[in-house]
Every structure is written in C-alpha cells, then in structure tokens.
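A short worksheet on the structure shown next.
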C-alpha cells in the first residue's frame, strides 16, 4: 500500500475522532461552568491525560526536539523543569481545587486586589498566545511532511482554523476528553517507536558514533548557567500554569485533583524522556535544515509505515490539543477576569458563552499573526515561558506558601517580571539566559516590597492556609 495514502488515511481518522468527540461535547455545554471548567465533573483518569496532553505539545515535540538535535540529551534540562515543578504541584493540587474558582487571576484578586488580576491577565494573554502561535506553526510543519505539496504556511493556516473552531465549540469539556484519546495514543506509540528506531540506528553504539560526545553529557557545551536557564522557565511556567489550575478547578473533587498529579508525574517523566530519545536517535540517522522537525521526520523516514503514520497522527493531535488548551486559557481570562468583572457584571449565561466564543476567535487570529513573525520554536517557547514564569508564578506561589506577601509586593512583582522579559526579548539577547534578570527583578520586588509594607489582613490569607474541618 502506498505510504502517502497510509499517512493521509491515519491523519483523516485522527481528525475525524477529534471532530466526533468535540461534536458530542458541544451538546453538553449549557452553562458558563460547563464551558469554562467542564461543570467541575472531571474524574482523575481524565485529568491525568488532559494535564499530560496540554503540557506536552510543540514545546516538547518541536522546541525540545530542536534542542535535542543540536545538543543531545542536554535537552532533558528543558523537560526537567517540568519535573521539578511537579514536586511543587503535588503539594497544592488539593488546595487549588478547594478554592474552586475559574482562573489564576481569581486567586490573585482574592489574595491581593483587582490590579493583580488585570496585570496577570495581560501576562497570560501575552504568554499563551505565543505558545498557541507555535502550535500553529508546528501543525503546519506536520501537514507539510505528510502532504509534500502543501507548503508549511498554508498548513499553518489550516491548523489555526481547525483549532479555533474546536476551541470555540465546547470549551473545557471538549478539550479534556480529546486529551484522553490523544494522550493514550501518543504514549503507547512512542514506547513502541523507540526500540524500533534504536535497532535501525545500530543500537546505542551506532548512535554514539554518529554524534558528538557532548550530546551525551549532563551539561553539554553551554555549562550549568545555560542548562539552568532552560530549566527555570519551564519549571516556573508549570507551577504557575493557568491551564493547569483551570483543570484542577474542573476536578470532581480534591481527591481527584491529588491523584491526577501522581499520574501526571509518571506520564510526563516517561513520555518526555522517550521523546528526547526519539529526537537524539533521529539526529544520528537523519540530517535536516529544520532541526525542530526531527521527531516527525524520524517518524516518517525511520519507522515502518503504519507505526510512523500513527506517530505522525499522534504528533498532529498533540499539537492540536496543546493549541486548544493555550488558546482556551486566555479566552477564559478575558471573559471571566475582564468582561464579567469590569464590563458586564450582570452578563447572562448566554451572553458569556457568546462572548467566550468570539474572544476565542479573536485570540486565535492574534496568535496566527504572531506565528508569522518568528522562525525558532525553541526561542519562542523560552520567551513565552519566561513571560509567564517570571511575571505570574512568584505571586501565585506566594499565595500558597508565604503569608507575609502584600498586595504592593505582588503587583510590582508581576509588572517587573513581564517588563524585563519583554525588553530582553526586544533587545534580541540570549533567550537561554533571559529568565535570570526577569526572575531576579520579580522575586526581589515581591520580597522587599512586601517586607517594607504593612502585613496583609488575616482575612486575605486565611482561605489559602486553613484546612477542611
């Protein structure tokens, strides 16, 4: 059977499955809670896969792969940031669900004030639309590899239209159940792919002989500062991640949220390690002028046709899933944290749903415009992670871990973290090191301004530290 036909058929089946799940879930959306947090009914097995699928997207499949192609196993520092962040997440998942709101700015306004809500919303929109934009670009790459006559730019526009329509359809309910299908598919097929690729490459001895020795060292050629500079943005994004908190808010119970974190830890460590292995083995087998494409290229050229087609279909589905998640999150912010909070406080359920869908479309178009402005998915990922991680995460972590944090400290922390990151990027400085000045400015403002201003009232602190009785 023609390999092109097999690849096309698998992709059609993947898209048909995504469409079917979305259409089913569209008819379950009746209220704002249904759209934004899936009616707070998600059980832990669904949470595990939606957390896994929303975290591992083009950042791992393309940005991490680009780093693995160029630097080898030091790419695990990028993934390792998420693993470190998961340790922190395990401590707060239950408390986040107990809070039972809709967005991270909900947390920040309750603990600080409305200014913190608005500034965090701005940082989230900047960061998450960048992340969405490189999912569009990655999806275009996959379509080009499957259908060689389709150029990457056209593919990017097709993926963007697809994602915008899906996300505007059923909201969180659609996203969560799509992720169950996608997460299971990709995890299973990557576990099969690694030994097959390793055998074709001549085992580890063949891989090592084809690549520089630095590809198999802990720090590579960049040293600890550069390695930690790729770890920190990922860690900070994860522990303050708006989409993650929104999924915890969607959990059926605190217990479901806590159990889901355990499954997420296992799945993330296994899957991200396997993906880096695929990229490293692929870099020993194939040379390309587009390093970010090494995983889908290896699937296409290095695996049996059916296995490669399923992996390519899974990669495409993962990109779609991550784009859905990161497009949906800032739309939720703008509806809940701006429209309902400041523009139309008496909005009906119907009005909120209509506005939610219109904002999804507007943000999708904005993300698509950004996708036309950059080439390196790795650099775009580090920029987006740092904007969010330096601006929002310190203030979010202080909500759960430092009672002495004041409103003035938190607001200045968010502002400086975002401003320093944006300026660093505009100056074209090393993206691997941008997290250091941004995080230093953010944390310094949080600590010193908090210590120099009056302690917060007990009523502001108590909801985040009291235990259930």
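We did not get these values from a lab; they are worked out from the coordinates using the rules stated. For clarity, every value in this text was computed on a predicted model and none was experimentally measured. Every residue, glycine among them, receives a Cβ derived from its backbone with ideal geometry; neighbour counts consider all protein chains shown.
Counting only alpha carbon atoms, the long axis of helix 76-99 and the longest principal axis of the chain meet at about 40°.
Quick check: the angle from helix 152-200's long axis to the longest principal axis of the chain, C-alpha only, nearest 10 degrees? On a 0 to 90 degree scale, this one is about 50. For the stretch 317-374 and the stretch 379-405, compute the distance between their C-alpha centroids and round to whole Å. Centre-to-centre distance over Cα atoms comes out at 21 Å. Looking at (i) 24, 54, 22, 0; (ii) 18, 40, 28, 10, 3, 1, 0; (iii) 26, 59, 15, 0, which value of P(r) over Cα pairs in 20 Å bins from 0, in percent comes from a calculation on the structure shown? Given (i) 24, 54, 22, 0; (ii) 18, 40, 28, 10, 3, 1, 0; (iii) 26, 59, 15, 0, the structure-derived one carries the label (iii). Label-to-label distance for residue 448 and residue 372 is 4.3 nm, based on points extended 7 Å past Cα in the beta-carbon direction. Using a simple spin-label model with pseudo-atoms 7 Å out from Cα toward Cβ, residue 429 and residue 150 lie 4.1 nm apart.
Label-to-label distance, residue 440 versus residue 224, with points set 7 angstrom from Cα along the beta-carbon direction: 1.6 nm. Summed over qualifying helices (DSSP H, 4 residues or more, each -39500 (n - 2.57)) and divided by its residue number, the chain shows a 222 nm mean residue ellipticity of -25500 deg cm²/dmol. With the highest mean first, a sort of the peptides 104-114, 199-209, 451-461, 185-195 on other beta-carbon atoms found within 10 angstrom per residue produces 104-114, 185-195, 199-209, 451-461. Relative to the longest principal axis of the Cα atoms of the chain, the long axis of helix 305-333 lies at roughly 20 degrees. When only Cα pairs under 8 Å and 6 or more residues apart are kept, what is the percent relative contact order across the chain? For the chain, the relative contact order is 31 percent. As a rough guide to protection, the peptides 289-301, 308-320 ranked by mean Cβ packing within 10 Å, highest first, stand as 308-320, 289-301. Listed peptides 426-432, 408-414, 444-450 appear in the order 408-414, 444-450, 426-432 once ranked by packing, highest mean of other Cβ atoms within 10 Å at the front.
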